[in-house]
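Below is one structure, written out as structure tokens, with a few remarks after it.
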Amino acid sequence: MATRIKPNSAKIAITARPAVDAPTKVGASITFTGTPIRATGEVTLLGDPGDSAAGWKVGFVQFQWIETNWCHYRGQTDKDGSIFVQRGRPPARPAQACCDCVDGNSPRDLFYSSVAAHGEIATGTAADVFPLKLTVGHYDLPQDAVQLVEMNTHPVSGSPKPNFLASSQMEFHFCTILSAREPGALGAFHHLACFYWNVRWQATYKPTSFTNPPAGFQVNVVPAGSGAEVGHVIAGPPVDRRFTGLLRNPPAQSCNDLARAEAAGAIRHEAPIWKNFDVRKL
Amino acid sequence: MNLRAVAAWSLPFLLCALSAAGCGLQHAAEPPPDDASVVVRNLALAGAFEVEDRGPDIQLASAVTVERDWKGEWRREVTDLTLAENCVQRPLAACVGLAHGAKLRPLRWNGLTCGSTECRAPCRANIYLGPGRFRLVVSSCDGKRKFVGPVFELPAESK
């Protein structure tokens, strides 16, 4: 019998639950960060005399399956206009789901990080003895930043007018999977257990002065839209069709790639007056 | 600068001086040490650094390389650390000019792979790289010259 995964040996423990900080003014930006999520995972391999664990890998795979990411800006007065910036929808973000891996790691490899020093992956060797318990860690600290001021260039306004951040909402929802991979470049993946988690920031803002950038910025957190949650661990592979297609066909772009692209190519709706934009439609 | 900071800063040099084999972290794949025309200097806090041009005016690559001592070899870590001195400069040009005698005080590396300074950035996957031994490497704009900073200890995350 070949090297195999011991049934029901996959275990995930959440060792630190994430939390979000209130949005913070840093320079000319508002930043969204918090404290990280940490988890550990373990999988036991079995084998018979003559079998080898060489090349078996155990690690975490992560998908982001929801991104909410918009900001509303307003000028000092009604005639200074308003702007709605949408990052989370097409064409700024072509798809919601993405394969989440650290920079320098190809999403086509699926694993969150294949760098040994990161501790996110464990690899069996020929010298290992069965039963072999492979243990890994997981860490993530999602974050983002937006500009405090955007210039409104609506043609009706005449000259460009500074518009100040008035409200924002960000939500990043993830599914993290403990997976084992058989040896070789085409080695089969076994997705063994998973959990859902998310981080969310919603706030309204008011500059204390209308200089550009403003000297001070009042941040009012919207409690119902802010926080972080972690679900319970689910045994077996994920069956959520919102992202399981990516398990079979990993994309070329990672979630970090998408996040940077959507920030650079955000959709902008400018109005010459204070407008209440409908976030459900834009 | 307090005595503890001075001691921490001096320790790698003392260890090198006391070792007959020199600093054992150089390895074959590492580029040869460059001239000292550009000096990368660690500051008191881990990840804080300063760059001084002691040679002629130079164009430096804005991207800073973070290297980790991994089992005796220097391995490049992929981060978004740059020579930006404040959050207003973003996005930074690919190259930064530094005049003879001038110094840069870039924003401190916070140990993260993404959003690696206080400015933060759009990041979904993100790892804190400590604890470990690291060094920062600044390059000329054409990438042909490397200016390697001294080793420092990045502690485990305190948060």
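Where a number appears in this text, it was derived from the coordinates with a stated rule and is not lab data. The structure presented is a predicted model; accordingly, all values stated were derived computationally and were not measured. Reconstructed Cβ throughout: ideal geometry from the backbone, glycine too, with neighbour counts over all protein chains shown.
Brief remarks follow.
- Farthest positive-ward along the stretch A:9-271 dipole, Cα basis, beta-carbon charges - from A:Cys101, A:Ser168, A:Ala53: A:Ser168
- Modelled label reach - A:Ile273, point 7 Å along Cα→Cβ, the stretch A:126-156 residues with backbone N closer than 17 Å: A:154-156
- Applying 1/(1 + (r/R0)^6) with r as the Cβ-Cβ distance of A:Lys133 and A:Ala185 and R0 = 25 angstrom yields a FRET efficiency of 0.50.
- Inter-label distance for A:Thr77 and B:Glu85, nm, one decimal - labels placed 7 Å from Cα along Cα-to-Cβ: 3.8 nm
- Each helix, a run of at least 4 DSSP H residues, gives -39500 (n - 2.57); summed and divided by the residues of chain A, these come to -1500 deg cm²/dmol at 222 nm.
- Footprinting exposure proxy for B:Leu60, B:Leu43 (fewest neighbouring C-beta atoms within 10 Å first): B:Leu43, B:Leu60
- Descending semi-axes in Å of the stretch A:125-282, equivalent ellipsoid built from Cα gyration tensor: 44, 18, 15
- Neighbour count of at most 10 Cβ within 10 Å plus DSSP loop: longest trypsin sites (Lys or Arg not before Pro)-free window in chain A: A:1-240
- Among A:Glu42, B:Glu85, a tally of other beta-carbon atoms within 10 Å of each Cβ gives an order, fewest to most, of B:Glu85, A:Glu42.
- Amide proton proximity set for B:Glu73, modelled H, under 5 Å, gap of 5+: none
- 3J(HN,Hα) from dihedral phi, the stretch A:151-162, Karplus parametrisation 6.51/-1.76/1.60, rounded to Hz, x for glycine, proline: 8, 8, 10, 4, x, 5, 6, x, 7, x, 10, x
- For the pair the stretch A:1-29 and the stretch A:126-152, the centres of their Cα atoms are 7 angstrom apart.
- The charge dipole of chain A, taken about the Cα centre with unit charges on the Cβ atoms of Lys, Arg (+1) and Asp, Glu (-1), comes to about 600 debye, rounded to the nearest 20.
- For the stretch A:9-271, alpha-carbon Rg relative to the globular expectation (2.2 N^0.38 Å, N residues): 1.20
- As a proxy for reagent exposure, ranking B:Arg145, B:Arg105 by other Cβ atoms within 10 Å from fewest up yields B:Arg105, B:Arg145.
- In this structure the amide hydrogen of A:Tyr112, modeled in the peptide plane, comes within under 5 Å of the amide hydrogens of A:Phe60, A:Val61, A:Gln62, none closer than 5 places in sequence on its chain.
- Between the stretch A:173-210 and the stretch A:71-93, the alpha-carbon centres lie 27 Å apart.
- For the stretch B:101-110, 3J(HN,Hα) computed residue by residue from phi via the Karplus equation (6.51, -1.76, 1.60; θ = phi - 60°) reads x, 7, 10, 10, 10, x, 4, 5, 6, 8 Hz, glycine and proline entered as x.
- Amide hydrogen neighbours beyond the local backbone of B:Cys114, cut-off 5 Å, H modeled: B:Ile127
- Radius, Kirkwood style, for the stretch A:183-257 when every pair of distinct Cα atoms is counted (Å): 16.9 Å
- Folded to 0 to 90 degrees: helix A:255-264 orientation relative to chain A principal axis, Cα: 10 degrees
- Karplus-derived 3J(HN,Hα) values for the stretch A:120-126, using 6.51 cos²θ - 1.76 cosθ + 1.60 with θ = phi - 60°, are 8, 9, 10, 10, x, 10, 5 Hz; glycine and proline are entered as x.
- Think of the protein assembly as shown as having a plus end and a minus end, set by charges on the Cβ of Lys, Arg, Asp and Glu; of A:Leu148, B:Trp70, A:Leu134, A:Leu148 sits farthest toward the positive end of this dipole.
- Alpha-carbon gyration tensor eigenvalues x 5, square-rooted, for the protein assembly as shown, Å: 38, 34, 18
- Note on the stretch A:16-156: Cα convex hull, mean projected area over all directions, 12.1 nm².
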